[in-house]
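A.B. asks: Pasting a structure below so you can have a look.
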Amino acid sequence: MSDKLFVFDTTLRDGEQSPGASMTKDEKVRIAKMLEKMHVDVIEAGFPIASVGDFEAVKAVADTIKDSTICGLARALDKDIDRAGEALKGANSSRIHTFIATSPIHMEQKLRMSPDQVVEQAIYAVKRARQYTDNVEFSAEDAGRSDIDFLCRIFEAAIEAGATTLNVPDTVGYNLPEQFGETVRLLREKMPNSDKAIFSVHCHNDLGLAVANSLAAVANGARQVECTINGLGERAGNAALEEVVMAVKTRKDLFSCYTDIDTTQIVPASRLVASITGFPVQPNKAIVGANAFAHESGIHQDGVLKARETYEIMSAEDVGWSANRMVMGKHSGRNAFRSRMSELDIEFESEEALNEAFTRFKELADKKHEIFDEDLQALMTNANNEMAVDEQIKLVSLKVCSETGETPHAVVTMTCDGKECTGEAEGGGPVDAALRAIDSIIKSETELLLYSVNNITSGTDSQGEVTVRLEKAGRIVNGQGADTDIVIASAKAFINAVNKMLLPEDRFKPQGSDV
């Protein structure tokens, strides 16, 4: 008999802990809407105590999403739990996820608490969380390095206190699949009240085994997997939602469970998260990489042409890839634009917003003969990215001279708080010169940690999507920009990042705790 496997997405919480991946409130809501459309069971929207910005983001997601359970993370502390309860007040369905460390090294070196004190604190935290919701998840942080008998003891106590989900995290990515699966099996067998809670797993990818460990746990009775879109997460990342879901769906012969995930939304969700966070998907990434369903070998091509199943174990269309794309251009009208955007699940709040987007579309159409779905999605992502910040600095014009044997030279004009300023600089290349010219005006005093360029579609007239990551006094922000001219795209991305850096820190503060 097949059981349901609950999908718990933590892209908005653990995924945001990737350096530079912090998201604004509006960006979190956009991703949450996509996760809801994908039929994700639980969306961990953030860590409300971390900052005012994160509290507001969790609250906004809770107030907006109706079909998924919205979860807030909280340490086993009064202030964390109360803050999470407050943020989740508006949710149709809410969950508080509270945790405390259980491994010897964490209890001794970090918490400086005895095992008895840790159990007592866990019981207290679960009971306090139950004052706000009947749906409480308890996590034993660093369970992968914890004593199995102690895990049984604290989990039994958590269930008695009211926890309905027990999470077994491999917090540092230390476990191997057989070992981790055995841990879940032993917990379920040794705990007398194990049938009164759902067992969950949360695996990190430090050894490249997050998905393998998650699946081993599922094979041994875990019925919730905590994961992220594209495997996003701090350090080497988390288990990738798309890989876990498609493994369970593809290998029904081995897994006696199913998910409610609409797999056709996987690729759109992947693209949205990549564009918002500035973390591009590698071409050979399973399921969502550009080459995931590409065949170059003649033997493979011949086999696929004769029978797709010879070399493809799943359908590209099943996960959201499609070869049927409507190509638009400068002769396309407003209605065609609105219709296509609606088909891409992009809606406009007002006629004014539609008109502004249509103007951007026409400007792009003058530069690029054929506009594909990816161009439209990038156009809206970058427009939303610009609107998400109060643009104190705006690009007016940019001129760059670059020729063989000469040092590139850039002249830029911008408005800074409404006042027009012009600056110029030389650089090692046209992009370097442009960014130096911008910085000669704004004096950002930032360090460039990352400069990344990705083509949105193929062809020499493709838009380039640029991500820059800036650091200043320990604070890290991402900026994005897109244009058919890569130098202009770079300038837009740099200015976008600087505008974010000028915002109050609470709006972009990354998380600091993990399970």
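Since every read-out is calculated from the coordinates, none of them should be taken as a lab result. Just so we're clear, the structure is a prediction, and the values are computed from it rather than from any experiment. Cβ atoms come from the backbone with ideal geometry, glycine included; neighbour counts cover every protein chain shown.
A.B. asks: Between rounded, prolate and oblate, where does segment 1-149 land on the alpha carbon gyration tensor, with a ≥ b ≥ c its root eigenvalues, rounded for a/c under 1.5, else prolate if a/b exceeds b/c?
C.D. replies: Since a/c reaches 1.5 and a/b is larger than b/c, the shape of segment 1-149 is classed as prolate.
A.B. asks: So for Ile43, Ile486, Ile154, Ile148, fewest C-beta neighbours within 10 Å to most, what's the order?
C.D. replies: In increasing order of surrounding Cβ atoms, one gets Ile148, Ile486, Ile154, Ile43.
A.B. asks: Let me ask something else about it. Within segment 78-172, list the trypsin sites (Lys or Arg not before Pro) lying in a DSSP loop whose Cβ has at most 10 other Cβ atoms in a 10 Å radius.
C.D. replies: Answer in residue order: Arg112.
A.B. asks: Sequence neighbours fewer than 8 away in the same chain don't count; with that in mind, list the lysines whose C-alpha is under 26 Å from Lys500.
C.D. replies: Partners found: Lys25, Lys28, Lys33, Lys59, Lys394, Lys399, Lys419, Lys443, Lys472, Lys492, Lys509.
A.B. asks: Explain nothing, just the number: dipole magnitude of the chain about its Cα centre with +1 on each Lys and Arg Cβ and -1 on each Asp and Glu Cβ, in debye rounded to the nearest 20.
C.D. replies: In total the dipole reaches around 520 debye.
A.B. asks: List the relative contact order of the chain as a percent without decimals, with contacts defined as Cα pairs under 8 Å and 6+ residues apart.
C.D. replies: It rounds to 13 percent for the chain.
A.B. asks: Would you give the gap between the C-alpha center of segment 1-40 and the C-alpha center of segment 78-144, rounded to a whole Å?
C.D. replies: Cα centroid to Cα centroid, the span is 21 Å.
A.B. asks: Decide, for segment 390-507, between rounded, prolate and oblate: order the square roots of the alpha carbon gyration tensor eigenvalues as a ≥ b ≥ c, take rounded if a/c falls under 1.5, and otherwise choose prolate if a/b is larger than b/c, else oblate.
C.D. replies: In terms of gyration-tensor shape, oblate.
A.B. asks: Also, I was wondering about something else. On C-alpha positions alone, give me the angle between the axis of helix 486-501 and the longest principal axis of the chain, in degrees, nearest 10.
C.D. replies: Taking the Cα atoms of the chain, the angle to 486-501 is about 50 degrees.
A.B. asks: Calculate how many DSSP beta bridges within the chain are antiparallel, expressed in % of all such bridges and rounded to the nearest 5.
C.D. replies: Of the beta bridges lying entirely in the chain, close to 50 percent run antiparallel.
A.B. asks: Given Ile438, Val487, Leu470, which one lies farthest toward the positive end of the charge dipole of the chain, if we put +1 on the Cβ of every Lys and Arg and -1 on the Cβ of every Asp and Glu?
C.D. replies: Of the listed residues, the answer is Leu470.
A.B. asks: By how many degrees, between 0 and 90 and to the nearest 10, does the Cα long axis of helix 351-367 differ from the longest principal axis of the chain?
C.D. replies: 60 degrees
A.B. asks: Turning to a different aspect of this structure: Segment 213-230 to segment 400-427: how many Å between their Cα centroids?
C.D. replies: Each part's Cα centre sits 51 Å from the other's.
A.B. asks: For helix 430-442, report the angle its Cα long axis makes with the longest principal axis of the Cα atoms of the chain; keep it between 0 and 90° and round to the nearest 10°.
C.D. replies: Value to nearest ten degrees: 80.
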